[in-house]
1. What order do you get for LEU131, LEU190 when you list them from fewest to most C-beta neighbours inside 10 Å?
2. What does the charge count near SER16 come to, summing +1 for each Lys or Arg and -1 for each Asp or Glu among other residues with Cβ under 12 Å from its Cβ?
3. Where does each of ASP79, ASP87 land when they are ranked from fewest to most other beta-carbon atoms within 10 angstrom?
4. How high is the relative contact order of segment 4-230? Use alpha-carbon pairs under 8 Å, at least six apart in sequence, and give a whole percent.
5. So, counting K/R as plus one and D/E as minus one, what does the shell of residues with Cβ under 14 Å around LYS203 add up to?
6. With unit charges on the beta carbons (Lys and Arg positive, Asp and Glu negative) and the dipole taken about the Cα centre of the chain, which residue among ALA143, ILE117, PRO58 sits farthest to the positive side?
7. Of ASP174, ASP155, ASP41, ASP128, how do they rank once you tally other Cβ atoms within 10 Å and put the fewest first?
8. In a shell of Cβ-Cβ distance under 11 Å around ILE117, excluding ILE117 itself, what net charge do Lys and Arg (+1) and Asp and Glu (-1) give?
Amino acid sequence: MSEIYVIIPAINEEASIAKVINDIPENFVKEVVVIDNGSVDNTIETASNAGATVLTEPIKGYGAACLKGMDHIFAKCKDDDVIVFIDGDYSDYPEEMKKIAAPVANENYDMVIGSRILGKKLGMTEEDSLLPQAEFGNWLSTALIKLFWKYEFTDLGPFRAVKVSSLKKMKMADMNYGWTVEMQIKAAKLKMKCTEVPVRYRKRIGKSKVTGTVSGSVKAGVKILYTIFKS
């Protein structure tokens with residue numbers, strides 16, 4: 001039977017990280033791994049007190065933190081196990097983890113994306129939770145993936161589940177903003193079996209390190225487009 005592991009990259013998420021961990025379905029996951037990426041608040045202590053394994057990654061970047069978590073899990077897991085990625089800002093609903101992981105654990109999917117865009121169409125997202133620049137970036141990126149690799153996604157959402165064996169084949173490398181799109185491009189190029197499920201979404205606790213600032217939005221947009229066109 002597949003076991004479920006959770007990776008949560010975090011930086012200065014003291015106010016939200018315990019909420020994320022506590023809302024993960026009880027007795028559903030083998031281990032929750034929080035990777036602290038340079039917090040100056042009490043994120044590490046809060047996550048540890050909530051029951052997570054806490055690692056530190058001094059190299060700044062979303063991808064760098066995820067890679068650290070993957071190395072930790074790869075050392076102990078089986079190839080048919082599942083890794084779920086979720087952000088530490090409480091914008092996603094951790095209680096929806098079962099429906100994201102189930103197609104990978106039980107239906108032989110390689111990857112499942114929790115789509116905020118599909119959720120919005122069904123009236124599942126909180127008003128103004130998905131910023132316009134994020135929606136546009138998702139639309140453009142997924143349109144280009146469909147154009148170049150004939151794979152249809154609607155979102156680059158961070159809430160996703162991936163089979164360990166598939167994740168190993170992807171040979172993930174991006175250290176920062178290009179992480180999610182790199183994963184989807186590699187899944188498409190490797191002809192992996194992928195799907196999306198609609199998920200709820202709410203305004204995050206605290207300010208986004210990416211879409212919360214103009215400079216962050218621009219840097220993320222440039223990196224995502226660079227990742228697509230160099231692939």
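1. Going from least to most buried by this count: LEU190, LEU131.
2. Residues near SER16 contribute -2 overall.
3. Details: ASP79 12, ASP87 20.
Going from sparsest to densest Cβ surroundings: ASP79, ASP87.
4. Once divided by the residue count of segment 4-230, the mean separation gives 24 percent.
5. Working: positive: LYS19, ARG116, LYS120, ARG200, ARG202, ARG204, LYS207; negative: ASP87, ASP89, ASP92, GLU126, GLU127, ASP128.
Local charge sum for LYS203: +1.
6. So the residue furthest toward the plus end is ALA143.
7. The fewest-first ordering by Cβ neighbours comes to ASP128, ASP41, ASP174, ASP155.
8. On the way: positive: ARG116, LYS120, LYS121; negative: GLU135, ASP155, GLU196.
So the surrounding residues net to 0.
FYI, it's all coordinate maths here, none of it is from the lab. These numbers were taken from a predicted model, which means no experiment stands behind them. Cβ sites come from the backbone with ideal geometry, for glycine too, and all protein chains shown count toward neighbours.
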